[in-house]
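Notes follow once the structure below has been shown.
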Amino acid sequence: MKKYDIVILGAGPGGYVAALKGAQSKKSVALIEKDNVGGMCLNWGCIPSKALQKSAKIYDSILRAKEFGIDGISLDNLQVNWDAMKSRAFKVVDKLTGGVKTLLNKNGVTVINGFGEVVGERVVEVNGEKIEFENLIIATGSKYSIPFENKDDEKIFTPKNIYSIDKLPESIAIVGGGIIGVEFAFLFSMLGVKVSVFERKSHLVSFMDDELIGFIERSLKKRKVKLFFESEVKDFKNGIVYYNNKGEDKSENADILLSAITREASLGGLDYLLKRGLELKGGYIRTDLRTRTSLPNIYAVGDVNGLWMLAHVSSAEGTTAIETINGKGTDLIYDMMPTCIYSYPEMSAVGLTEKGALARGFLVDVGKFPLAANGKALAEGESDGFVKIVSDKKYGEILGVHIVAENATDLISESVLAMQLEGTLLDVASAVHPHPTLSETVLEASLKGLGTPLHTL
């Protein structure tokens, strides 16, 4: 029986990063994956959806051509080629998965395609063969389920199989107003599909800062997206969404339905560990801040621990697991994990919201700068949005940064670094930002927080 220092179940962003880091630390590593490397994010989530969004943005820009001084484009024959869009998206996926496979191979990781099951004390079985491990990293992710009676309806989809539709529908109902629901609402509405979003809470992406929430809801309404709040979908049959709104049963028509709710941990193959005390919390594997589970030498990273279902967090957890195995682990700081929403414009955030900072007892300063006062944003015709910095009034320490802007998901990185270094408004304001760039909006928001604004009152 072969023995490895580290065996990893699942090759998503947490699993494959852990494999690379483990191999780089001179450990023998086996990575077991029943599908393709890259997991949900690379194969069916983050990457193909962003490629499709790029196509949607180009389409949207063409519709705005006259705004940029471009004449002669006939919109009469303009149409979306859904098949071509999907083809491009999955070419990108293939290139990236191929790159990951190459990296794993070059780093000496043993990749095993199959379903891994823990069958004994430090033993995993895959494809009828048993392998022994010193350390096990569980990176099996999560899966979508459809919480409707009529869940087998061929017109009900999840974010994993929505790409299988052969043509764009005239209308779509999206159940769930979280990150994924919002992203698909923008994507389909930009392509001319009539979109309805059903959310059980009173707002979309309710964990974000209130001002970002308000902005994104207004943006969707401008695109004629119907928003149904405090509404729980009960079923979908024959093109009709049956839902309950504040105790009243109602219905809405839609050609197809996308269920962007109800994710559960993928715990298949872990019965042996569960019987021996692998603790769960809310249906997910309970971990500490170094990804350790309740069992020795067993770690859990990514969606399966239910903490932050974001690819970059999974990767950070995979790195931490390896560092902990190597005796060098430090606690993950989840308060400093950035959130990114690929809406149009994009949203990003790190740290505390204004309301959250006040709830923790901070004396709060807020510096806010609108994109409408930024030269680069105006030149590109993408001037909707703002940067908002929440800081501690006493010391000027940055507590949270919240951005709505085209390329907001790239802009947030500066703020993540600043917060990790316990940076202040003065630190950011003292750094020279190139001109003309969108990054100047972060500088200007810092100056606003300091009470010394340049390009705003």
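Readers should treat all values here as calculations from the given coordinates under stated rules, not as data from a laboratory. Since this is a predicted model, take the numbers as computed values, not measurements. Cβ: placed from backbone, ideal geometry, glycine included. Neighbour counts: every protein chain shown.
What the table below lists for this structure:
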{"quantity": "Under 5 Å, built H, 5+ apart or other chain: amide partners of Val111", "calculated": "Leu31"}
{"quantity": "Packing-based exposure ordering (other Cβ within 10 Å, fewest first) of Asp209, Asp255", "calculated": "Asp255, Asp209"}
{"quantity": "Relative contact order (percent, whole number), the chain, Cα cutoff 8 Å, 6+ residue spacing", "calculated": "14"}
{"quantity": "Geometric extent, Cα atoms of segment 273-384 - Rg, Dmax (angstrom)", "calculated": "19.2, 61"}
{"quantity": "Vicinal HN-Hα couplings computed from phi for segment 200-213 (Karplus, 6.51 cos²θ - 1.76 cosθ + 1.60; Hz; Gly/Pro x)", "calculated": "5, 8, 7, 8, 6, 5, 5, 7, 7, 4, 4, 5, 5, 4"}
{"quantity": "Beta bridge orientation in segment 156-261: antiparallel %, DSSP, nearest 5", "calculated": "45"}
{"quantity": "Euclidean distance between Cα centres, segment 12-82 to segment 173-206, Å", "calculated": "19"}
{"quantity": "Relative contact order [Cα under 8 Å, 6+ residues apart], segment 330-421, whole percent", "calculated": "33"}
{"quantity": "Anisotropy class of segment 275-337 from Cα gyration tensor, a/c 1.5 cut", "calculated": "oblate"}
{"quantity": "Share antiparallel - DSSP beta bridges, the chain, percent rounded to 5", "calculated": "60"}
{"quantity": "Placed amide H near Asn36: partners under 5 Å, 5+ positions off or other chain", "calculated": "none"}
{"quantity": "Anchor Lys393: lysines whose Cα lies under 21 Å away (excluding residues fewer than 8 positions away in-chain)", "calculated": "Lys355, Lys368, Lys448"}
{"quantity": "Prolate/oblate/rounded label for segment 156-261 (Cα gyration tensor, a/c 1.5)", "calculated": "oblate"}
{"quantity": "Fully extended contour minus Cα-Cα distance, from Leu280 to Glu422, at 0.36 nm per residue", "calculated": "47.8 nm"}
{"quantity": "Over 25 Å [Cα-Cα, segment 313-457], rounded percent", "calculated": "29"}
{"quantity": "Footprinting exposure proxy for Leu168, Leu363 (fewest neighbouring C-beta atoms within 10 Å first)", "calculated": "Leu363, Leu168"}
{"quantity": "Least to most buried among Met40, Met336, Met1 (fewest other Cβ within 10 Å first)", "calculated": "Met1, Met336, Met40"}
{"quantity": "Residue-averaged 222 nm ellipticity for the chain, from DSSP H runs of 4+ at -39500 (n - 2.57), nearest 500", "calculated": "-10000 deg cm²/dmol"}
{"quantity": "Integer Hz, Karplus 6.51/-1.76/1.60 couplings in order for segment 294-300, x for Gly and Pro", "calculated": "6, 9, x, 6, 10, 10, 9"}
{"quantity": "Extended-chain gain in nm, criterion 0.36 nm per residue less alpha-carbon gap, Ser87 and Leu363", "calculated": "94.2 nm"}
{"quantity": "Karplus (6.51, -1.76, 1.60) ³J(HN,Hα), θ = phi - 60°, over segment 121-138, in Hz, Gly and Pro reported as x", "calculated": "4, 6, 10, 10, 10, 9, 6, x, 10, 9, 10, 9, 10, 8, 9, 10, 10, 8"}
{"quantity": "Cys with no candidate disulfide partner in the chain (beta-carbon separation under 4.7 Å rule)", "calculated": "Cys340"}
{"quantity": "Amide H within-cut-off set for Asp235, under 5 Å, with H built and near neighbours excluded", "calculated": "Tyr242"}
